[in-house]
1. Out of residues 5 or more away from THR175 or on other chains, whose amide H comes under 5 Å of its own, with H placed 1.01 Å from N in the peptide plane?
2. What net charge do the residues around ASN382 carry, taking every other residue with its C-beta under 9 Å from that of ASN382, with Lys and Arg at +1 and Asp and Glu at -1?
3. Suppose R0 equals 51 Å. What FRET efficiency, 1/(1 + (r/R0)^6) with r the Cβ-Cβ distance, do ASP149 and ILE205 give to the nearest 0.05?
4. Can you tell me how segment 36-78 classifies by the Cα gyration tensor, rounded, prolate or oblate, using a/c under 1.5 as the rounded cut?
5. Answer rounded, prolate or oblate for the chain, using the Cα gyration tensor with square roots of eigenvalues a ≥ b ≥ c: rounded when a/c is under 1.5, else prolate when a/b is larger than b/c, else oblate.
6. Bin width 10 Å, alpha-carbon pairs only: give the P(r) of segment 124-235 as whole percents, running from 0 to the bin holding the largest distance.
7. Considering only Cα-Cα distances, which of the following residue pairs are longer than 24 Å: LYS200/LYS318; LYS318/LYS391; LYS318/LYS395; LYS74/LYS254?
8. Under 14 Å Cα to Cα from LYS111, which aspartates and glutamates show up? Leave out anything in the same chain fewer than 8 places away.
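Values quoted throughout were computed directly from the atomic coordinates according to the rules given, and no laboratory measurement underlies them. Since we're looking at a predicted model, the values are computed, not measured. Note that we place each Cβ from the backbone using ideal geometry, even for glycine, and neighbour counts take in every protein chain shown.
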Amino acid sequence: MEFGFTAKDEAFRMEVRDFFQTQYPAEIIDKISRGHSPSKKDYQLSERALAARGWLAVNWPKEFGGTGWTPNQKYIFDEELERAGALNVVPMGLLYVGPVIYTFGTDEQKKRWLPGILESTVFWAQGYSEPGSGSDLASLQCAAVVVGDNYIVNGTKIWTSQAQHADWIFCLLRTDNSGKKQEGITFLCIDMATPGVSVKPIITIDGKHVLNGVEFADVCVPMANRIGEEGRGWDYANYLLGHERTSYAHVAGKRKLLHEIREAARSTGDGSLIHETGFLDRLAALEARLDALEITVLRTLTSVSEGGSPGDESSILKVIATELAQDITELGIECFGYYGQISFPDSAAPLWTFNTPVPPGAAPAMARYLAARAQSIYGGSNEIQKNIIAKRILKL
């Protein structure tokens, strides 16, 4: 069976590769390769470079500013972006709320919010998780009460990625407690500059500030900021989560990491690790699993129409992609031996001092390993995804 791309697809690949080599900001690639966290300015510089080429909203329908690319072209673009070491787009606007707005929003909402996402002038955060709720999203209690033509919002969201950079946050909020817990949930967009909104940083185990808690104290939100119908937020959230869970694959990034692990095993110490059967067996098994993930991603992309949602099948990708990421990053730090214990508080300089030179990939490898621990939890834990697969796909 031939899994190769057509000549036309390969010509497109060369066009994309040339863009990242000659037109994409080289300083961002250098910064990321050294383990530094990107700033809001870095994300904007990256996304505006893509937008100038018309390549920012890869998955959006053409009528809303998307590329109109085939599934193969979308896949090749993502592959070359990660191969180059460029920044992935901030997903909250482009991958998550954008499709919800152009699918369920009013014409006024599309005109109001989509341009800012496409121009990378407006950043979004996702307000789903709450303290004590775990992966039970339907148990949320952050409330929105109708007062005149507004909602008054009180409560807390947690694990909110990039909220420190966000201009807007889209939230699932409890507007009714009378029915089943999946009912009475409403999808609201909230201006982060509204009085009563406060952001509290959460520093993660890798020493970085990506996550936050967001508190709402009598926050007044116009009804015009509601997406769709009141009480239908659960439906819109499931549509959004299909896009979110598909976005975890990062096949090219994983393939690049496996290559770096193989090279590090050759060069670290006396290089004997690359000749150890156990190490090579684990490396080969990871490569085989990555091949299987790639085929699954391609199959999913081909089955989804332009701008559509992959639905429940995205749970399959979420499980295999995140577990594979954890196993790859674990092997990555093992190949560095005791150098793999190095960590750093968001800089390329390790906290520990060694008498011998530290291999250049050791500190970023530990940062990746620590960050990957959360992958099987966020976006709905993998245990929840397995329940979705069993109930909604296998009908068990």
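1. ALA144, ILE185, THR186
2. With Lys, Arg at +1 and Asp, Glu at -1, the net is 0.
3. 0.70
4. Numbers: a/c = 2.98, a/b = 1.79, b/c = 1.67.
Cα axes put segment 36-78 in the prolate bin.
5. Prolate is the answer for the chain, as a/c is 1.5 or above and a/b outweighs b/c.
6. 16, 49, 29, 6, 0
7. Table pairs above 24 Å Cα-Cα are LYS200/LYS318.
8. LYS111 reaches GLU63, GLU119.
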